[in-house]
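Only one structure is covered here, and it is reproduced in the block below.
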Amino acid sequence: MFVEELLPKARERLVTMADNGLLIEAAKLLEGRTELVIVCNSEGLLAGVITKTDVVKQISHCQGASCMAQAAAVMTRDVLHCETRDALADVWARLKQRGLKNIPVVDQQRRPLGLLHARDILQVLLSEAESDEALLRDYVMGVGYR
């Protein structure tokens, strides 16, 4: 199965902001239903991400004007992302390797399409494994073969 099949669910989680936006805007967006804000450059392409941890880290030592930092100054730039044609098993392996639970889905130009959660991927992979197990069990027991 491919990322494309989970795209409708991933689109529901998509929250973006401009890289010249203020960190306080990201904090407000993170209060809602998302765990990650995708930061886009002026062309609308993925530039980085901001998490609740990034916001807390910046605010914990800000003074004066640094409390009004732009998103670009705080965001994580080295972003693991996937595309719609990527296999879910491969995406899961990359998430697991880096210890992440969210991954942005982008198109070929790096335009954000959605945000995939590890839980969604695991549910699909588990469902596939259970289906394969049932087919194998039926084959071994000769169910449906006469």
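Readers should treat all values here as calculations from the given coordinates under stated rules, not as data from a laboratory. It should be emphasised that the depicted structure is a prediction, and the values quoted were computed from it without experimental measurement. Methodologically, a virtual Cβ is constructed for each residue, glycine included, from the backbone with ideal geometry; neighbour enumeration extends over all protein chains shown.
For the stretch 22-41, give me the residue count where each residue is farther than 16 Å from residue 62 by Cβ and touching a residue at least 40 places away in the same chain (Cβ under 8 Å).
The qualifying residues number 5.
Hey, can you tell me all the residues within the stretch 69-86 that are surrounded by fewer than 18 Cβ atoms within 10 Å (Cβ to Cβ) and either among the acidic types (Asp, Glu) or part of a strand (DSSP E or B) (or both)?
70, 76, 78, 83, 86 - these are the residues of the stretch 69-86 that are surrounded by fewer than 18 Cβ atoms within 10 Å (Cβ to Cβ) and either among the acidic types (Asp, Glu) or part of a strand (DSSP E or B) (or both).
Scan the stretch 56-68 and tell me whether some residue there is at negative phi, in contact with an Asp or Glu (Cβ under 9 Å, 6 or more places away or on another chain) and surrounded by 13 or more Cβ atoms within 10 Å (Cβ to Cβ).
No, the stretch 56-68 contains no residue that is at negative phi, in contact with an Asp or Glu (Cβ under 9 Å, 6 or more places away or on another chain) and surrounded by 13 or more Cβ atoms within 10 Å (Cβ to Cβ).
Residues checked against (1) within 24 Å of residue 41 (Cβ to Cβ); (2) touching a Lys or Arg at 6+ places or on another chain (Cβ under 8 Å):
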{"position": "53", "(1), (2)": "yes, no"}
{"position": "60", "(1), (2)": "no, no"}
{"position": "73", "(1), (2)": "yes, no"}
{"position": "86", "(1), (2)": "yes, no"}
{"position": "99", "(1), (2)": "no, no"}
{"position": "105", "(1), (2)": "yes, no"}
{"position": "115", "(1), (2)": "yes, yes"}
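Here is a yes/no grid of residues against (1) under 30 Å from residue 127 (Cα atoms); (2) free of Cβ contacts under 8 Å to residues at least 24 places away in the same chain:
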site: 19; (1), (2): no, no
site: 44; (1), (2): no, no
site: 57; (1), (2): no, yes
site: 69; (1), (2): no, no
site: 87; (1), (2): yes, no
site: 94; (1), (2): yes, yes
site: 104; (1), (2): yes, no
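Could you tell me which residue of the stretch 72-99 is nearest to the chain's Cα centre (by Cα), considering only residues that are under 19 Å from residue 9 (Cβ atoms) and of a type in the set (Lys, Arg)?
94
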